[in-house]
Each structure stands twice: as structure tokens, then as C-alpha cells.
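The values are calculated or read from the model by the stated rules, or taken from the named source; none is laboratory data. From a predicted model like this one, the values you see are computed outputs, not experimental measurements. With ideal geometry, Cβ positions are generated from the backbone for all residues, glycine too; neighbour counts draw on all protein chains shown.
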Amino acid sequence: MRRSFWIAPVLLLGAAAAVAATPADTIRGRVAGYRALGAAFKTTNDTVRAGDLASPRLRQAAAQISAAARNQYAWYPAGSGPQSRQRTAAKAEIWTRGREFRAAQDAFARQATAFERIVAGGNAAAIRSGARQLGASCKGCHDTFRVSDD
């Protein structure tokens, strides 16, 4: 059989698997995404504190943060919140106040993109300021839409 004959069914099965993901699978994926984001933030903060602002590690971390900001929109499908009866730090407000949550996601995505550009520009003062603003954009979402660790 021709190879192209097999491509469509394989793609359909992959799409069906993504749709059929359980809430637990979705939450695990979301947690993994945020852990990677947290590691990139740690690298950013450590590098900025050390004054190593021209480090390739900082550019890589900024790119990882920007990628996570783009990917975050897929991390919250319906049914993956507290109502799933799975352990999650995501508050129900993510789904009940969807417009506000989307605005917070958009603010973070804009700030992450801006930070990546700032890092590429190499201006030390701008990098320090951008890192603080990026952290604040994360905190703004956590305060409203994430269960506190306390």
C-alpha cells in the first residue's frame, strides 16, 4: 500500500487520542508544563541575580518562557478543573471567569514575548526590569486563579 494511505488514519488516531485524554492526563500535562516554566524562571532569576545578562542560558530560558506562554492556552480544557475530582491547583474560577483568565493569560504571553526581545537586546537595566515585570504577570494570575500553596 502507498504510504500516504496510512498517514490520514494515523493523524486521525492521534487527534482522537488528544480529544480522549482523561482529566488526569490533562492535569499531568499542565503540571509538567508549569514545572518546565518554573525551571526556566529559576534560570532567569539566578542568571539575572548573578549579573550574567549575556548568558546563552538566559536567552534559552527567555525562549522557553515565551514558548510556555504560547502553549498555556491548551492547558485548561473544560473538565480539567476541580470538578474532575483530580488533584489540581487550578481554581474553578478559571472556567467560571473565563474572560478574566484569558486576559491574564494574554498579559503573561505579551510580557513573555517582550522579555524574550529585551533579553535579545542585551540592555542590563531593561533585562532586570523585564524580569520583574514578567514575574509580576505570573503572580497576578496565581493570586486569582491558583490555589495557594499555604
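Could you please give the count of residues in the stretch 73-87 that are surrounded by 14 or more Cβ atoms within 10 Å (Cβ to Cβ) and under 18 Å from the mean Cα position of the chain (by Cα)?
5
Within the stretch 84-105, the residues that satisfy the criterion of being closer than 17 Å to Asp149 by Cα and small (Gly, Ala, Ser) are Ala89, Ala90, Ala92.
Annotation: of all residues in the stretch 110-145 being modelled with pLDDT under 95 and in contact with a Lys or Arg (Cβ under 9 Å, 6 or more places away or on another chain), the one that is surrounded by the fewest Cβ atoms within 10 Å (Cβ to Cβ) is Thr144.
Looking at the stretch 40-52, is at least one residue small (Gly, Ala, Ser) and surrounded by 12 or more Cβ atoms within 10 Å (Cβ to Cβ)? Checked the stretch 40-52: at least one residue is small (Gly, Ala, Ser) and surrounded by 12 or more Cβ atoms within 10 Å (Cβ to Cβ). The residues in the stretch 60-119 that are hydroxyl-bearing (Ser, Thr, Tyr) and either touching a strand residue (DSSP E or B) at 6+ places or on another chain (Cβ under 6 Å) or part of a helix (DSSP H, G or I) (or both) can be counted, and the count is 5. Assessment of the stretch 130-149 against the conditions (basic (Lys, Arg) and touching a helix residue (DSSP H, G or I) at 6+ places or on another chain (Cβ under 8 Å)) yields no matching residue.
Of the residues Ala61, Ala89, Ala18, the single one that is modelled with pLDDT of 95 or more and on the phi < 0 side of the Ramachandran plot is Ala61. Enumerate the pairs (first residue in the stretch 30-51 and touching a residue at least 60 places away in the same chain (Cβ under 8 Å) and assigned to a helix (DSSP H, G or I); second residue anywhere and of a type in the set (Phe, Trp, Tyr) and surrounded by 16 or more Cβ atoms within 10 Å (Cβ to Cβ)) with beta-carbon separation below 6 Å, excluding pairs fewer than 6 apart on the same chain, so at least 6 apart or on different chains. Pairs found: Arg30/Trp75.
Test Gly130 against the criterion of being more than 18 Å from Thr26 (Cβ to Cβ), in a helix (DSSP H, G or I) and touching a residue at least 60 places away in the same chain (Cβ under 8 Å), and give yes or no.
Judged against the criteria, Gly130 is not a match.
Residues are listed down the side, and each one gets a yes or a no for (1) closer than 30 Å to Pro23 by Cβ; (2) among the aromatic types (Phe, Trp, Tyr); (3) under 18 Å from the mean Cα position of the chain (by Cα):
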residue	(1), (2), (3)
Lys91	yes, no, yes
Trp95	yes, yes, yes
Gly98	yes, no, yes
Ala103	yes, no, yes
Asp106	yes, no, yes
Ala112	yes, no, yes
Ala126	no, no, no
Ala131	no, no, yes
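Do we find that Ala90 is among the hydrophobic types (A, V, I, L, M, F, W, C) and exposed (fewer than 15 other Cβ atoms within 10 Å of the Cβ) in this structure? Here the answer is no, as Ala90 does not meet what is asked.
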